Amino acid sequence: MTLALAAQGARGGLFEGLWGMGPLVSAILGFFVVLGVASVLPMFWTWAERRVAGRIQQRPGPNRVGPFGLIQALADGVKLMVKEDIVPADSSRFLFMLAPAIVLGGTLVAFGMLPLSPSGIIVDTHLGIYLIGAFLALEAIGVIMAGWASNNKWSILGGMREAAQLVSYEVPIGILFLMAGVVYGSLNLADMVHGQEDGAFFGLGGWLVFRMVPFGPIAFLVFYTAILAESKRAPFDLPEAESELVSGFHTEYSGIRFSFFFLSEYAAMFLLSGIAVCIFLGGWNLPLVPGSFWRDHGIVGELLAAASMILKSFVLVFVMLWLRWTLPRIRIDQVMSVCYKYLTPLAFACLLAAAFFVETEA
Amino acid sequence: MSQLHDTGTIRPTGERELVLDVRTQDMEINMGPQHPATHGVLRVVLTADGEVVTSAVPYVGYIHRCAEKIGESVDYKMFVPYTDRYDYLAAMNNNVGFCLAVEAAGGIEVPPRATWLRMIICELNRIGSHLIAFGTYGMDIGAFTPFLYGFREREWMMSLFEKICGARLTYSYCYPGGVWNDAPEGWFDELLRFCDVFDRKWREYDALLTRNKIFIERTRDVGIVTAEQALASGWTGPCLRASGVRFDLREAQPYMFYDEVSFDVPIGRGEVGTVGDCWDRYWVRMAEMLQCTRIIRQCVESLRKDTVAGEVKTEMKTYRVAPGDAYVGIENPRGELGHWVLADGNDVAYRLKIRGPSFCNLSILPEVLPGTLIADAVAIIGSIDIVLGEVDR
C-alpha cells in the first residue's frame, strides 16, 4: 500500500515504460533492486567504519578476511544469519519480531525516492522528500516497538530516548525540506539537483551551500547536525548509548534481527547523506562539468553521475565516522536544547531568508 | 491508562470533583552487576522517574574473596600475591602497602635501593591506573578513542614491569624486606624515555578530552561533592583533593622517601564549574600523572648515586613478627590504602585489616545520585574511579 502511495503522483520511474510496465509494477520491481543494493552496501560501510576507527585509534582494524579485510563484512553477515534468533520469554513476541522489519523497511523504501543519477530514481514522484520524511519517521515507531516489546527497562529507556530524539529532529529537517522546496520550487530531489546546474564560479555557485550566504552554509550545517541525530550517530547516539543503556533498544536482539537494526542505521546514514548532497551539494554536479553532460552521454553519463553522487555522500558519511570516533556523547536534555534552542530557530531563519531571496531574485 | 475519576467530594459550587487520574510509577532499574558502566560487578538499584534518578542504593560484595581471612591463614610472604588481586589496576601499590605494614610491625630493615625502586614502581603504576581511569571515563561519557590511546602508553608501562618482575598485571614484586629483583640492564634508561614520551603524549589526551566542549558540558557541575561531604564519607585520594581538600599521604605523612622528592599536589579548583564536580575529579587525575613522571625522574637520579648501590633485598625469608601491631596507610591511585597488621609472634598475622579507598569513596552514591539523570549517574560513578576488586576484597 505504501508503494501504491508512492506511485501515486509519480511521473515516472526507473523501469517505467520498460516492457510496458506501469508505475506500480515499476515501483515494486525497483524496490527489490533497492533491497539488494541497500542491504549489501551497508555491509561494506561497516567495514569502512571499522577501518576508519582503526586508523583513528592507531590499530589495524579488520584485515584478515580477503584483501584489506574487505570480505570481513560478509563473514559477519553469515555469522549473524546462522546465529540463534533469541526471543526473550517475557517479550511480546509478535511486536518483538515485527519491529526490526519496520525499522529496516522504512529506511529501504525511502531509498526509492533518492536519485543517484538523472534517471536513476526508482520512484520519480512530485512528493519526493516529503515521502522520504514520512518513511524515515516509521523508524521511530519500530524503535519504540522494539524497546517496549523487549520487556527490558534499559530497552524502554532507549526506545523513549529515540522517540524523543527522532521526533524533535524531524522539526529542523522538515523546515529545511520546506526551504529546499521554496528555493527549487519542487519537492523532488532530482529537480533540486537540476536546479543547481551551471552556476557561477565554475558551477560551484549553483550549489545551495554556496548560495544566499550566510544562510546557505548555515542551513547545510543545521541539516548535517540534524541528520547526525536522525541517524543516531555520535554525538547523538543516546538511544544505543553503550555505557549507559547497555545497548539501548536492541539490547535483547540477536542474530539476523539485530543485523536489521544495524543495516538500517548504516543505510540511513547513506540515505540522509545522499539527501544532503542532493539539496545542498549539487547532487552529481561537479565544478566545470555542464549539467547537460550527465544527460547527453546515455548510460556512461548516468553511471558517472551515480559515482559522483556516491562519492560525495561517502565524504559526508566519512565525517560522520570521524566524529563518532572523536567526540563524547551529549546528554538527553542537551540533545533537546540543541534541537529546539539552536537548530530549529536557525532553520526557520533560513526558511524565511530563502523566501526573501527567491522573491528578490525572481 | 488515564481516565476521569470521581473523587466523591462535592465542591462548594455544587459540582462533583473529577480528577484526571494518570497513574505514573517510578521505575526500579537494576544497574549491574553486569553493566558496562559499573566498572566491574557493582550493583546499583536505581529508582528512576523517567530519566531522573530518585534514589540509588549500591550493593557490593559480588567479588568478595576473603582477602583478610586469607591474610590470617598464610604467612606474610605468601600473602603478597593476594594483595595484587584487590586493586588489580594498582597491584604494585598494594604490594608496597602491605609490605610497609609488615615491616613496620616487625621492625624489618629495607635497603634504600629497594625503597627507591618501590617508589618508582608505585608512581609508574599510578600512571597506569590513572590512564585506565582516563580511558574508561571517556568511554562512560561516550568517547571510545581515549580508551585505546590510554592503553597504548599503559602497554609500555606494563612491558617495563614485565622486564623488572616478569608479570604484567599481578606483579608480586615487593616482599617484606625489599623487592625480589633489581632492575635489569638499561631499564632506567627506558624508564626515563617512557617519562619523556609520556609527557608529550599527555598533551594529546588533554587535547582530545579535557577541553572538549561536549566533555565539559557533560561533566561540569555534575555530581558535586563538597569538602564536608567528602570528608564525612571518608573520601581520600584524587576524589577528596578534587573537592578542594589538600590531603595527600605522600605529603601529609611522608612514607618511604617521599619527603626527599618534590612534587605538587593538584587539587580541584572548579576551573570549568564548581569545586568537586566530575570534571575536577577527572582533572586531578590528569594533573597527577605529570607529577608521577616528575617523581620518577627524581627517584632515578637518587638511585644512580653510589650510596644506594647494592642489594635490593635483605633476605627473602619467612619472618616471625614479634607481638605488636602496626597500621600503615599509603597513597594508592584511588586514595588511602591502609593495612593494619596484628602480630602474635608467629609467621602468620593474627589479624589483618585492609582499608580500601574505593569502598569509602563509593559510599557517597546514595547521597549524590538522586536528582541526576541516568547519564549523569554513569558519569558520577565513572568519576569516582572504583575498582570493585578492592571494594569487596
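The values are calculated or read from the model by the stated rules, or taken from the named source; none is laboratory data. Bear in mind the structure is a predicted one, so any value in this text is a computation, not a measurement. Quick reminder, even Gly has a Cβ in these numbers, built from the backbone with ideal geometry, and neighbours come from all protein chains shown.
Here is a list: B:172, B:129. Which entry is more than 30 Å from residue A:245 (Cβ to Cβ) and either among the small types (Gly, Ala, Ser) or free of Cβ contacts under 8 Å to residues at least 12 places away in the same chain (or both)?
On the way: B:129 fails: more than 30 Å from residue A:245 (Cβ to Cβ).
The match here is B:172.
If the requirement is being part of a helix (DSSP H, G or I), away from chain A (no Cβ under 14 Å), surrounded by fewer than 19 Cβ atoms within 10 Å (Cβ to Cβ) and on the phi < 0 side of the Ramachandran plot, which of these qualifies: B:182, B:196? If you could, list the steps in order and put the result at the bottom.
Details: B:182 fails: part of a helix (DSSP H, G or I).
Result of the check over B:182, B:196: B:196.
Listed residues B:364, B:374; which is within 24 Å of residue B:43 (Cα to Cα) and either under 10 Å from the mean Cα position of the chain (by Cα) or within 14 Å of another protein chain (Cβ to nearest Cβ) (or both)?
On the way: B:364 fails: either under 10 Å from the mean Cα position of the chain (by Cα) or within 14 Å of another protein chain (Cβ to nearest Cβ) (or both).
The match here is B:374.
Would you mind stating whether residue A:181 is over 30 Å from residue A:140 (Cβ atoms) and of a type in the set (Gly, Ala, Ser)?
Details: over 30 Å from residue A:140 (Cβ atoms): no; of a type in the set (Gly, Ala, Ser): yes.
Taking the combined requirement at face value, the residue does not satisfy it.
In the set A:351, A:311, A:323, A:327, which member is surrounded by fewer than 20 Cβ atoms within 10 Å (Cβ to Cβ) and either in contact with a helix residue (DSSP H, G or I) (Cβ under 9 Å, 6 or more places away or on another chain) or over 30 Å from residue A:42 (Cα atoms) (or both)?
On the way: A:351 fails: surrounded by fewer than 20 Cβ atoms within 10 Å (Cβ to Cβ); A:311 fails: either in contact with a helix residue (DSSP H, G or I) (Cβ under 9 Å, 6 or more places away or on another chain) or over 30 Å from residue A:42 (Cα atoms) (or both); A:327 fails: surrounded by fewer than 20 Cβ atoms within 10 Å (Cβ to Cβ).
Only one candidate passes the filter, namely A:323.
For the condition more than 14 Å from chain B (Cβ to nearest Cβ), within 25 Å of residue A:104 (Cβ to Cβ) and surrounded by fewer than 24 Cβ atoms within 10 Å (Cβ to Cβ), what is the one hit in A:254, A:247? Full working, then the answer.
Working: A:247 fails: more than 14 Å from chain B (Cβ to nearest Cβ).
Answer to the selection: A:254.
Is there a residue being in a helix (DSSP H, G or I), more than 20 Å from the chain's Cα centre (by Cα) and in contact (Cβ under 8 Å) with a residue 40 or more places away in the chain anywhere in segment B:256-266?
Among the residues of segment B:256-266, at least one is in a helix (DSSP H, G or I), more than 20 Å from the chain's Cα centre (by Cα) and in contact (Cβ under 8 Å) with a residue 40 or more places away in the chain, which makes the answer yes.
Would you point out the residue of segment A:312-335, among those that are touching an Asp or Glu at 6+ places or on another chain (Cβ under 8 Å) and either without any contact (Cβ under 8 Å) to a residue 12 or more places away in the chain or farther than 18 Å from residue A:277 by Cα (or both), that is farthest from the other protein chains (Cβ to nearest Cβ)? Please lay out each step first, then the result.
If we filter segment A:312-335 for residues that are touching an Asp or Glu at 6+ places or on another chain (Cβ under 8 Å), which is where we start, we get A:321, A:324, A:329-332, A:334.
In the following step, the residues that additionally are either without any contact (Cβ under 8 Å) to a residue 12 or more places away in the chain or farther than 18 Å from residue A:277 by Cα (or both) were identified as A:324, A:329-332, A:334.
Working: A:324: 8, A:329: 3, A:330: 6, A:331: 5, A:332: 6, A:334: 6 Å.
My answer is A:324.
Yes/no per residue for (1) more than 14 Å from every other protein chain (Cβ to nearest Cβ); (2) within 19 Å of the chain's Cα centre (by Cα); (3) buried (at least 19 other Cβ atoms within 10 Å of the Cβ):
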position	(1), (2), (3)
A:143	yes, yes, yes
A:152	no, no, yes
A:179	yes, yes, yes
A:182	yes, no, no
A:218	yes, no, no
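Would you mind telling me which numbered condition in (1) away from chain A (no Cβ under 14 Å); (2) within 16 Å of the chain's Cα centre (by Cα) residue B:134 fails?
With respect to (1) away from chain A (no Cβ under 14 Å); (2) within 16 Å of the chain's Cα centre (by Cα), residue B:134 is out only on (1).
Going by the conditions given, is residue A:253 more than 20 Å from residue B:218 (Cα to Cα) and not in a helix (DSSP H, G or I)? Before the answer, list the steps.
Values: more than 20 Å from residue B:218 (Cα to Cα): yes; not in a helix (DSSP H, G or I): yes.
Taking the combined requirement at face value, the residue satisfies it.
Which residue, of B:250, B:220, is within 14 Å of chain A (Cβ to nearest Cβ), in contact with a helix residue (DSSP H, G or I) (Cβ under 6 Å, 6 or more places away or on another chain), among the basic types (Lys, Arg) and under 19 Å from residue B:287 (Cβ atoms)?
So the residue among B:250, B:220 that is within 14 Å of chain A (Cβ to nearest Cβ), in contact with a helix residue (DSSP H, G or I) (Cβ under 6 Å, 6 or more places away or on another chain), among the basic types (Lys, Arg) and under 19 Å from residue B:287 (Cβ atoms) is B:220.
Here is a check on your reading of the model: is residue A:139 modelled with pLDDT of 80 or more and outside any helix (DSSP H, G or I)? Steps first, please.
Working: modelled with pLDDT of 80 or more: yes; outside any helix (DSSP H, G or I): no.
So residue A:139 does not fit the description; no.
Just a yes or no: is a residue in segment B:291-314 touching a strand residue (DSSP E or B) at 6+ places or on another chain (Cβ under 7 Å) and surrounded by fewer than 19 Cβ atoms within 10 Å (Cβ to Cβ)? Working first, answer last.
First, the residues of segment B:291-314 that are touching a strand residue (DSSP E or B) at 6+ places or on another chain (Cβ under 7 Å): B:312-314.
From what is left, the residues that are surrounded by fewer than 19 Cβ atoms within 10 Å (Cβ to Cβ) are B:314.
Yes, segment B:291-314 contains at least one residue that is touching a strand residue (DSSP E or B) at 6+ places or on another chain (Cβ under 7 Å) and surrounded by fewer than 19 Cβ atoms within 10 Å (Cβ to Cβ).
Which one of these is more than 13 Å from chain A (Cβ to nearest Cβ) and part of a helix (DSSP H, G or I): B:160, B:169, B:148?
On the way: B:169 fails: part of a helix (DSSP H, G or I); B:148 fails: more than 13 Å from chain A (Cβ to nearest Cβ).
Of the residues listed, the single one that is more than 13 Å from chain A (Cβ to nearest Cβ) and part of a helix (DSSP H, G or I) is B:160.
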